[in-house]
Amino acid sequence: MSNGIQPYQVQPPGNFKGNFREPNSMSKLTDLKVKAAQPREKPYKLADGGGLCLTVMPDGARYWRLRYDFAGKERMLSVGVYPIVSLKEARERAQELKGVLAQGIDPSERRREQKLSRQICAERTFGAAANAWYDFTQSRWRPATANKVRAYLDKDVLPTLASRRIRSVTPMELVAVVEAIEKRSAFNVAKKTRQWLNQIFRFAVARGLTDNNPAQNLFAVAAPAPESKRMAHLTLDELPDFLRALDNYSGSALTKAAIEIALLTANRPGVIRTLRWDELDLESGIWKIARGRLEMKRGYAHTTPLPNQAVAILRDVHRSTGTFRYVFAGRNDPGKPMSDTALSSAIRRMGFDGRQTVHGFRHLISTALNDRGYRSDWIERQLAHGDPDRIRGTYNEAQYLDPRRDMMQDWAD
């Protein structure tokens with residue numbers, strides 16, 4: 001060995017032979033020497049002996065490293081970063097590693113195995129499986145759906161289950177998670193959560209993280225949700241009273257126009273409120289919503305024929321908001337759409353609170369059109385029920401456009 005330093009030999013059982021360099025007491029480092037070490041143009045080492053040294057990098061970073069021989073090959077192992085790891089702590093860690101070497105075990109291999117073990121344990125937690133399932137599945141969802149799933153996982157599921165080993169999760173733990181959601185009367189969220197839990201465990205089984213799915217029977221203990229109430233809506237006999245009240249409405253002209261468009265098209269309130277000028281072809285009397293529109297249920301594409309009355313209303317609105325993106329621009333920020341409470345508030349001020357909702361117009365229109373004998377296919381398409389790409393397998397968006405145009409003009413008249 002160079003520099004007059006004699007080798008320190010460790011002879012463990014078997015054919016293994018490993019060694020460190022034994023320190024010369026005169027060459028050992030001190031806290032003062034370590035602290036005073038300055039960077040140079042190239043990395044350099046300050047030896048403490050026994051294979052331990054401090055490597056000083058050109059950027060000033062200082063790393064503790066241990067050099068040793070194992071099975072005839074020289075190895076280097078990181079011991080820590082100075083000053084987070086002091087000289088004393090570096091020596092203690094080096095001594096621990098020497099003990100590992102004395103057992104005939106390569107310290108580098110031991111560290112790699114420990115890291116892998118920690119990684120495997122981390123990957124086999126419920127939280128890791130849930131996040132892996134989410135990352136794998138979210139590309140199939142609309143952004144709004146992906147955000148919703150992420151929010152409910154983070155709020156309702158992961159706080160309780162994230163650190164649990166996935167093989168150890170029991171049905172009772174999952175029942176407790178879902179019951180907590182049901183207690184706040186969020187029955188639809190509870191239903192979705194049961195579905196997501198089942199999908200997460202099926203994903204984990206397929207990935208070999210577990211061989212058990214404790215979520216597969218959660219539906220058997222689902223609390224019954226209260227019967228859903230249909231959106232309040234007037235009868236056809238009551239509609240004239242509403243139309244007279246709307247004619248006399250003294251509030252925002254823009255809000256009034258939005259309510260009229262809801263009555264004339266049967267589209268959903270969120271879609272009407274966020275109607276964009278670039279979706280309209282007023283010359284052709286067409287409102288075309290592209291697939292993936294956030295406010296459209298499940299992101300379906302949808303084409304709405306506009307009766308003459310609707311075109312006239314929209315031309316009038318264009319004088320006010322034609323330079324903005326949204327037809328029904330927000331009152332405080334015209335760069336955003338109208339508030340989601342604007343229409344319901346107007347209906348309430350008109351005296352129809354509890355009797356009519358914006359969404360209820362869809363029920364009213366559906367009833368009226370069915371009573372007049374129009375084909376159910378036309379009505380369902382006007383209401384944007386179902387994915388147009390899957391209806392009867394050969395749906396063409398223009399297939400019902402002409403008869404629907406006549407139907408909605410008849411309704412508007």
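The values are calculated or read from the model by the stated rules, or taken from the named source; none is laboratory data. These numbers come from a predicted model, not from an experiment. Note: ideal-geometry Cβ built from the backbone for every residue, glycine included; neighbour counts use all protein chains shown. Ligands, DNA and RNA are stripped out before the accessible areas are found, and what is left, the full protein with its side chains, is counted by its heavy atoms. Shrake-Rupley method; radii C 1.70, N 1.55, O 1.52, S 1.80 Å.
The table for this structure:
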{"item": "Only listed residue being among the aliphatic types (A, V, I, L, M) and either loosely packed, with under 13 Cβ neighbours inside 10 Å or within 30 Å of the chain's Cα centre (by Cα) (or both), chosen from ALA190, ALA257", "result": "ALA190"}
{"item": "Any chance ILE289 is free of Cβ contacts under 8 Å to residues at least 60 places away in the same chain, open to solvent by less than 30 Å² (accessible area, probe 1.4 Å) and over 13 Å from LEU254 (Cβ atoms)", "result": "yes"}
{"item": "Residue list for region 90-103, filter: open to solvent by 30 Å² or more (accessible area, probe 1.4 Å) and either in contact (Cβ under 8 Å) with a residue 60 or more places away in the chain or within 46 Å of the chain's Cα centre (by Cα) (or both)", "result": "GLU92, ARG93, GLU96, LYS98, ALA102, GLN103"}
{"item": "Test: residue in region 167-184 that is modelled with pLDDT under 90, in a loop (DSSP other than H, G, I, E, B) and open to solvent by 80 Å² or more (accessible area, probe 1.4 Å)", "result": "yes"}
